[in-house]
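The values are calculated or read from the model by the stated rules, or taken from the named source; none is laboratory data. Model, not experiment: these values are computed from the prediction. Cβ placement follows ideal geometry from the backbone for every residue including glycine, while neighbour counts extend to all protein chains displayed. Each accessible area value is taken on the protein alone, full model and side chains, heavy atoms only, with ligands, DNA and RNA left out. Shrake-Rupley method; radii C 1.70, N 1.55, O 1.52, S 1.80 Å.
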Amino acid sequence: MALKILFADDDPLMLQLYRPHIQSAGYEWFGASNGREAIAATEREKPNLAIIDILMPELDGLEVLLELKKSPAAKIIPVILITAESGYYLYRSNFANAGAAHFLLKPFGPKQLLDAIRFHLNVAQI
């Protein structure tokens, strides 16, 4: 059974761009276009890892992260936060303190994303 990855980003291009890379690496992919959809997809699909954009409508990535970390079932899911806003890079330690496993600044390549996914899925399975 393939491990499940949730990718939440309000930019449809990001979803289209990374979906084939995640799937070709052997993962099952689920997309969400806002924070509420990300939480609902997490509850429904129970992903092994979540990739969440910080700047999204309805609930931003930090709000989604905090909600997931409150849930006994979801708090163990590694969360990779992504953003195109370089200023957020200065706050990456705050995101880590909130429970983020990793932080990626856009643009990032498929290899960089897949390396982060593999690393955190291996850590989660130990």
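Values for this structure:
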{"quantity": "The stretch 51-71, residues that are touching a Lys or Arg at 6+ places or on another chain (Cβ under 8 Å) and over 23 Å from Ala2 (Cα atoms)", "calculated": "Glu58, Leu59, Lys69"}
{"quantity": "Pick from the stretch 59-87, criterion open to solvent by 70 Å² or more (accessible area, probe 1.4 Å) and in a helix (DSSP H, G or I), ranking: farthest from His120 (Cα to Cα)", "calculated": "Ser86"}
{"quantity": "Criterion: modelled with pLDDT under 95 and outside any strand (DSSP E or B) - qualifying residue of Leu113, Leu90", "calculated": "Leu90"}
{"quantity": "Filter result (outside any helix (DSSP H, G or I) and open to solvent by 10 Å² or more (accessible area, probe 1.4 Å)) within the stretch 21-46", "calculated": "Ala25, Gly26, Tyr27, Glu28, Trp29, Phe30, Gly31, Ser33, Asn34, Lys46"}
{"quantity": "Of all residues in the stretch 1-20 being in a loop (DSSP other than H, G, I, E, B) and over 15 Å from His120 (Cβ atoms), the one that is least open to solvent (accessible area, probe 1.4 Å)", "calculated": "Asp9"}
{"quantity": "Any hit, the stretch 88-98, residues being open to solvent by 30 Å² or more (accessible area, probe 1.4 Å), touching an Asp or Glu at 6+ places or on another chain (Cβ under 9 Å) and more than 13 Å from Met14 (Cβ to Cβ)", "calculated": "no"}
{"quantity": "Checking Asn48 against (1) among the polar types (S, T, N, Q); (2) closer than 12 Å to Leu6 by Cβ; (3) without any contact (Cβ under 8 Å) to a residue 24 or more places away in the chain, the condition it does not meet", "calculated": "(3)"}
